[in-house]
1. Sequence gap of 8 or more, or different chains, plus Cα separation below 19 Å: how many lysine pairs satisfy both in the chain?
2. Out of every Cα-Cα pair in region 112-229, what percent are more than 22 Å apart?
3. Hey, how much of the P(r) for region 4-47 falls beyond 14 Å, as a percent of Cα pairs?
4. Given the rule -39500 (n - 2.57) for each run of at least 4 DSSP H residues, summed and divided by the residues of the chain, what is its mean residue ellipticity at 222 nm, to the nearest 500 deg cm²/dmol?
5. With just the Cα atoms defining each centre, how far is region 152-213 from region 21-71? Give it in Å.
6. Taking a ≥ b ≥ c as the square roots of the eigenvalues of the Cα gyration tensor of region 168-261, is the shape rounded (a/c under 1.5), prolate (a/b larger than b/c) or oblate?
7. Full-extension gain between Ile196 and Ser224, please, as 0.36 nm times their residue separation minus the C-alpha to C-alpha distance.
8. Can you give the FRET efficiency to the nearest 0.05 for Glu234 and Arg29, using r as the Cβ-Cβ distance and R₀ = 22 Å?
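Rule-based calculations on the coordinates, nothing more; no lab input. Every value quoted in this text rests on a predicted model; they were computed, and no experiment measured them. Every residue, glycine among them, receives a Cβ derived from its backbone with ideal geometry; neighbour counts consider all protein chains shown.
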Amino acid sequence: MATELLYTLGSVVLVSLISLIGVVTLSIRDRTLRKFLLYFVSFSAGALLGDAFIHLIPEAVEGVGFTVRVSAYILLGIVVSFAVEKVIHWKHCHHPGFHMGALKGLKARGKEQKKTVASMNLFGDGIHNFIDGLIIGGSYLVSIPLGIATTLAVIFHEIPQEIGDFGVLLHGGFTKGRAIFFNFLSALTAVAGGLIAILLGSSIEGLSIFLVTFAAGSFIYIASANLLPELHKEAHLGKSLAQLLFFIIGIGVMFALLSVG
């Protein structure tokens with residue numbers, strides 16, 4: 001219990017610190033950043049799907065068998081992810097892929113509307129980060145290697161997302177200092193999620209299996225509905241092949257982590 005708690009705390013704090021990465025991008029031109037992030041999004045999609053199908057689902061199946069319950073939990077992860085995204089859409093706050101597309105639309109809006117969009121962005125990210133914390137904590141309850149693999153998958157996804165979030169806040173009227181502070185504050189909900197998963201995991205039977213399969217569904221949705229469609233916007237053959245390569249490398253990293261266990 002103590003070991004899982006320490007690993008979880010270390011992981012969710014690390015994930016929360018990723019929110020500060022937006023500062024690094026301030027000196028990079030939008031065109032250069034967009035080009036770089038497309039490859040990272042490819043890598044992230046591969047890592048998320050790799051973690052779901054190589055680590056999370058096999059671990060759950062090994063524990064309880066491939067039952068209808070396992071399938072239901074995976075589907076629930078997909079449904080909840082879809083529902084959360086719909087709420088963010090409804091609040092005019094969704095930004096596809098790594099959010100660069102949203103920045104153009106945000107620039108054209110009125111000042112007050114920009115602030116509303118930026119504020120709702122923080123709220124939506126807070127929920128998302130809390131779920132990430134639950135997922136990481138639940139993974140560590142099953143095994144340390146599984147927790148490490150899931151943490152890495154979350155980090156790979158968070159990097160392009162947090163860069164986009166930072167840009168949305170700046171365009172929404174936040175100063176650089178306030179954007180950094182509030183984005184980090186939103187990211188800290190991951191710590192709460194991780195602590196809740198560890199504390200409840202010891203008293204609620206089957207919680208770890210639920211969180212692991214739920215995470216698999218959530219990762220499958222994020223990669224398939226958000227990241228991969230963004231990559232299809234690139235029609236250039238050379239760049240498309242590079243994206244495919246980074247996608248395969250992301251999957252390969254998850255295969256390589258099997259040796260850690």
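1. Going through the chain pair by pair, I get 17.
2. Result: 39 percent of Cα pairs exceed 22 Å.
3. Roughly 66 percent, once rounded to a whole number.
4. Here the helix-only value at 222 nm equals -25500 deg cm²/dmol.
5. Using only Cα atoms, the two centres lie 14 Å from each other.
6. Here region 168-261 falls in the oblate category.
7. Result for the pair: 7.3 nm of gain on full extension.
8. Once rounded, the FRET efficiency stands at 0.75.
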